[in-house]
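Chemist: To start, I am sharing the structure in question, which I have written as structure tokens.
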Amino acid sequence: MIDLKQHIRGIPDFPKPGIFFYDIGTLLAHSGAWQETVKRLADHLRPLKPDVLLGIESRGFLVAAPLATQLNTGFVMVRKKGKLPGATVSHSYDLEYGSDTIAVQEDMLKPGQRVVICDDLLATGGTAAAAVTLARKMGAEVIHAAFIIELAFLNGRKKLDVPVTSLVSYDE
């Protein structure tokens, strides 16, 4: 079995001093490791029978799009406000310092659809929780959240009121 941690590069002081960035670029560049990542996530999610995967900008797109093909589901993008054409539904949320707004095109999620939130990394959980709220605002049923990486020491899963799958966890 492939050890996915061996394909995730750590970059200190990015994007600013004091931040340790977990880069999935090296995972994406390794065909076998990337295929194994998508397969493992698909194996976790297939029994849940989601209707659509909601990928969070931007690396969440890289997770959700190939996963959607494996699960035979739709894929919907969550983007920062102003980045999607046409009418959108948005949700503003607080960050550690300030606030942000995410949006989905208004006709992309249907009431009652079973949705899984997807992103590359779960850190504090703020953006993922906002995506859950936004999907529910549109009438969808959020059934799960899936991530490649979880920074467990930041307790992000505590902000989510749905089950969480992560393939790789860092405890410090």
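Chemist: Under the condition of being in contact with a strand residue (DSSP E or B) (Cβ under 9 Å, 6 or more places away or on another chain) and in a helix (DSSP H, G or I), which residue from the stretch 67-97 is nearest to Pro47 (Cα to Cα)?
Modeler: We begin by selecting, within the stretch 67-97, every residue in contact with a strand residue (DSSP E or B) (Cβ under 9 Å, 6 or more places away or on another chain); these are 67-69, 71, 73-94.
Next, only the ones that are in a helix (DSSP H, G or I) stay: 67-69, 71.
On the way: Leu67: 14, Ala68: 14, Thr69: 15, Leu71: 10 Å.
Looking at residues that are in contact with a strand residue (DSSP E or B) (Cβ under 9 Å, 6 or more places away or on another chain) and in a helix (DSSP H, G or I), I get Leu71.
Chemist: Here are some residues: Val52, Val104, Val89, Val38. Which one is open to solvent by less than 40 Å² (accessible area, probe 1.4 Å), more than 21 Å from Glu141 (Cα to Cα) and among the aliphatic types (A, V, I, L, M)?
Modeler: None of the other options fit; the residue is Val38.
Chemist: Still on this model: In the stretch 67-80, is there at least one residue being open to solvent by 30 Å² or more (accessible area, probe 1.4 Å) and either at positive phi or over 17 Å from the mean Cα position of the chain (by Cα) (or both)?
Modeler: Checked the stretch 67-80: at least one residue is open to solvent by 30 Å² or more (accessible area, probe 1.4 Å) and either at positive phi or over 17 Å from the mean Cα position of the chain (by Cα) (or both).
Chemist: Count, please, the residues in the stretch 25-61 that happen to be in contact with a strand residue (DSSP E or B) (Cβ under 7 Å, 6 or more places away or on another chain) and under 18 Å from Ile117 (Cα atoms).
Modeler: Qualifying residue count, the stretch 25-61: 18.
Chemist: Determine which single condition Phe14 fails, assuming it passes every other condition in (1) under 24 Å from Asp171 (Cβ atoms); (2) touching a Pro at 6+ places or on another chain (Cβ under 6 Å).
Modeler: Status for Phe14: all satisfied but (2).
Chemist: Still on this model: Among (1) farther than 30 Å from Ser31 by Cα; (2) surrounded by fewer than 20 Cβ atoms within 10 Å (Cβ to Cβ); (3) in contact with a Phe, Trp or Tyr (Cβ under 8 Å, 6 or more places away or on another chain), which single condition is Gly98 missing?
Modeler: Failed condition: (3).
Let's see how each residue does on (1) within 15 Å of Val63 (Cα to Cα); (2) assigned to a loop (DSSP other than H, G, I, E, B); (3) open to solvent by 100 Å² or more (accessible area, probe 1.4 Å):
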residue: Ile2; (1), (2), (3): no, yes, no
residue: Gln6; (1), (2), (3): no, no, yes
residue: Trp34; (1), (2), (3): yes, no, no
residue: Asp43; (1), (2), (3): yes, no, no
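Chemist: Could you list, ordered by first residue, the pairs with Cβ atoms under 7 Å in which the first is in the stretch 31-52 and touching a residue at least 24 places away in the same chain (Cβ under 8 Å) and the second is assigned to a helix (DSSP H, G or I) and of a type in the set (S, T, N, Q), at least 6 apart or interchain?
Modeler: Val38/Gln70; Ala42/Gln70
Chemist: Please tell me if Thr37 is β-branched (Val, Ile, Thr), modelled with pLDDT of 95 or more and over 16 Å from the mean Cα position of the chain (by Cα). Break it down into steps so the answer makes sense when it comes.
Modeler: Working: β-branched (Val, Ile, Thr): yes; modelled with pLDDT of 95 or more: yes; over 16 Å from the mean Cα position of the chain (by Cα): no.
Spelling it out, it is not the case that Thr37 is β-branched (Val, Ile, Thr), modelled with pLDDT of 95 or more and over 16 Å from the mean Cα position of the chain (by Cα).
The values are calculated or read from the model by the stated rules, or taken from the named source; none is laboratory data. These numbers come from a predicted model, not from an experiment. Note: ideal-geometry Cβ built from the backbone for every residue, glycine included; neighbour counts use all protein chains shown. SASA here: full protein model, heavy atoms, side chains in, ligands and nucleic acids out. Shrake-Rupley method; radii C 1.70, N 1.55, O 1.52, S 1.80 Å.
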